[in-house]
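The structure appears right after this line, and notes come after that.
The values are calculated or read from the model by the stated rules, or taken from the named source; none is laboratory data. The structure displayed is predicted, hence computed values, not measured ones. Glycine also receives a Cβ, built like all others from the backbone with ideal geometry; neighbour counts cover every protein chain displayed. For the accessible areas, the whole protein counts, side chains as well, though only heavy atoms, and no ligand, DNA or RNA atoms are used. Shrake-Rupley method; radii C 1.70, N 1.55, O 1.52, S 1.80 Å.
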Amino acid sequence: NKRVCIVGAGAAGLPSIRHSVLYGFDTVCYEGQGEIGGLWRFKPEETDESSVMKSTVINSSKEMTAYSDFPPEPTVANFMHNTHMCKYLEDYAENFKLAQYIKFHHKVLDIVRAADYNETGKWNVTVKDLKSGDTTTEVFDGVLVCTGHHTRPHWPVKWKGQDEFKGQIIHAHSYKDHRGFEDKSVVVVGVGNSGGDIAVELSKIAKQVYLVTRRGTWVFNRVSDWGRPVDSFLNARFYSALRTNMPTWLVNRAVQDKLNQRFDHEVYGLKPNHGVFGQHPMINDELPNRIASGTIRIKPVIEKITEHGVEFADGTKVDDVDTIIVSTGYSFDLPVIEKGKLVPVVENEVDLYQLIFPMNVEKDTLGVIGFFQPYGSIMAIAEMQARLVLDVIAGHSKLPTMVICLQEQRKQNNREKREKMAQRYAKTRRHTIQVDYIPYMDEMAAIIGCNPPVWYSHLPHDPQMAVSTLFAPFAAYFYRLRGPHAWNGARDAIMTIEDRIIQVCTP
């Protein structure tokens with residue numbers, strides 16, 4: 001059997017193991033930590049590894065987050081706390097007996113093409129046993145790198161006077177919980193999801209929180225009309241088709257009007273110049289309330305830092321700042337693959353075919369899983385990426401190859417995606433690997449042949465399924481109705497989505 005290496009046992013690594021075993025490969029997963037979970041396992045201590053905050057709650061609902069053959073328990077909250085998210089991953093690993101394929105406390109140091117790569121597509125993987133200190137090199141027919149893109153905290157260019165500041169300046173990467181910030185004056189820089197979450201959390205115990213934004217942001221609630229998860233509407237196929245086929249300005253106007261009914265973004269100092277789908281959204285249920293109560297004050301960019309305070313671009317000053325928390329995202333790279341030379345990353349821009357496969361290689365036997373930022377679920381997309389890579393390694397699906405005319409297809413595909421991204425999104429380091437859930441899932445599904453049947457194909461014999469295909473949250477189960485390793489429980493999982501959504505809300 002072919003040997004397949006999985007690097008990392010987090011939210012992307014676990015489904016990679018699962019599907020590698022389904023394909024019948026001899027599977028080995030190397031995990032540097034002593035437990036599964038990756039980013040979702042809270043680490044109270046300061047480490048190089050990324051970790052959720054103690055209070056983090058998932059932004060995508062449980063049904064849109066779930067893997068394609070493992071629906072969440074009906075009693076689990078629609079938006080799980082990170083401890084429940086980690087429990088879901090543990091249950092998934094236990095259900096499919098994945099631990100036997102994982103070598104814990106093993107850190108992958110390097111992945112390089114084998115000497116006979118051009119003929120075999122094999123890779124040499126160098127691994128260090130962190131307990132014994134031994135280093136070994138193994139040969140694999142395929143490799144899936146599942147380390148994610150939250151790798152190195154990104155710091156902005158130094159502000160004027162920053163070195164004279166007597167308080168502390170930390171990155172959101174180092175923020176664990178609210179302890180130590182009681183009755184402090186805190187400036188949070190950046191209005192991504194982490195910045196919003198930190199500002200809201202600290203606003204309940206700090207003396208004052210200032211939230212700094214350069215461009216503003218559109219703020220979504222997790223809970224939408226009638227108490228349903230917002231992504232259960234946004235990721236239904238019917239509404240996805242409307243967004244795709246209607247004029248962009250009209251879609252933006254409709255959604256922006258809806259968001260402004262909750263709170264006027266311009267009045268609250270958050271209205272950006274770009275449309276609502278022109279940036280990765282902030283998901284936050286409490287921010288408007290905290291601004292309205294005055295415990296969070298919105299500020300423009302920092303102009304200067306003094307020994308004890310901050311001056312902003314609008315001329316206002318705060319003279320008693322204790323802490324500045326920088327929430328400006330992450331820089332990512334792939335140094336583990338041939339020292340970063342095979343897949344170079346420049347200002348968070350990376351050349352990967354379908355955001356998975358390295359360009360300019362002879363064999364498609366290595367895939368990068370989870371190197372994307374979705375408008376939708378991360379885990380379901382990562383699972384689909386793994387299925388695509390494994391199907392290619394198995395020899396079932398074919399991609400454009402190194403033949404010159406076909407290689408150009410890959411380059412053209414990447415150019416078109418970047419052009420669309422540039423037209424839609426504000427130009428920032430944050431918007432270089434964006435994907436939309438349904439279109440991207442469909443694109444990968446078409447390659448391996450697991451496209452969900454169109455809604456009207458169900459009409460003669462299964463009208464319930466036709467309705468669900470159009471209006472139900474388009475969860476990953478739809479992509480297991482047919483194709484490689486079709487799951488006979490997929491239809492039942494789809495038909496019971498609504499039951500699992502509402503049961504947790506029922507007394």
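Below are the figures for this structure:
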read-out	value
Neighbourhood charge, 12 Å Cβ-Cβ cut-off, centred on Val301 and excluding it, Lys, Arg +1 and Asp, Glu -1	+2
Surface accessible to a 1.4 Å probe, per residue, for the residues of the range 171-326, Å²	45 Å²
Contact order normalised by residue count of the chain, Cα under 8 Å, 6+ apart, percent	19 percent
Given charges at beta-carbon only (K, R positive; D, E negative), |dipole| of the chain in Debye	760 debye
Protection proxy ranking, peptides 282-288, 104-110, average beta carbon neighbours within 10 Å, highest first	282-288, 104-110
Local net charge near Asn451, Cβ-Cβ under 15 Å (Lys/Arg +1, Asp/Glu -1)	+1
Residue-normalised accessible area of the range 1-66, given per residue in Å² at a 1.4 Å probe	34 Å²
Relative contact order (%) - the range 47-130, alpha-carbon pairs under 8 angstrom, separation at least six	21 percent
Cβ-defined net charge surrounding Glu383, 11 Å radius [Lys, Arg +1; Asp, Glu -1]	+2
Lysines with Cα under 22 Å of Lys398, excluding same-chain neighbours fewer than 8 positions away	Lys2, Lys122, Lys363, Lys411, Lys417
Burial order of peptide ranges 317-324, 455-462 (average beta-carbon count within 10 Å, highest first)	317-324, 455-462
Sequence ranges 495-503, 68-76, ranked by mean other-Cβ count within 10 angstrom, highest first	68-76, 495-503
Angle between the chain longest axis and helix 13-22 axis [Cα atoms, degrees, rounded to 10]	10 degrees
Those lysines that a straight Cα-Cα span of less than 20 Å connects to Lys160, excepting residues fewer than 8 apart in one chain	Lys299, Lys304, Lys317
Share, in percent, of DSSP beta bridges within the chain that are antiparallel, nearest 5	40 percent
Whole-Å distance, taken between Cα centres, linking the range 310-375 and the range 213-228	24 Å
Karplus-derived HN-Hα couplings along the range 475-480 (A = 6.51, B = -1.76, C = 1.60, θ = phi - 60°), whole Hz, x at Gly and Pro	6, 5, 4, 4, 8, 10
Residue (of Tyr239, Thr65, Ala115) at the positive-pole extreme of the chain, dipole from beta-carbon charges	Tyr239
Carbon and sulfur %, accessible surface of the chain computed with the full protein complex present, 1.4 Å	51 percent
Mean-position separation - Cα centroids, the range 1-42 and the range 443-507, in angstrom	26 Å
Correct choice for Cα extents along the principal axes in Å that was computed from the model, options [x] 136, 83, 38; [y] 66, 60, 48; [z] 88, 59, 57	[y]
Inter-centroid distance (Cα atoms) of the range 106-143 relative to the range 252-297, Å	48 Å
By accessible area with a 1.4 Å probe, ligands and nucleic acids excluded, highest first: order of Trp123, Trp155, Trp249	Trp249, Trp155, Trp123
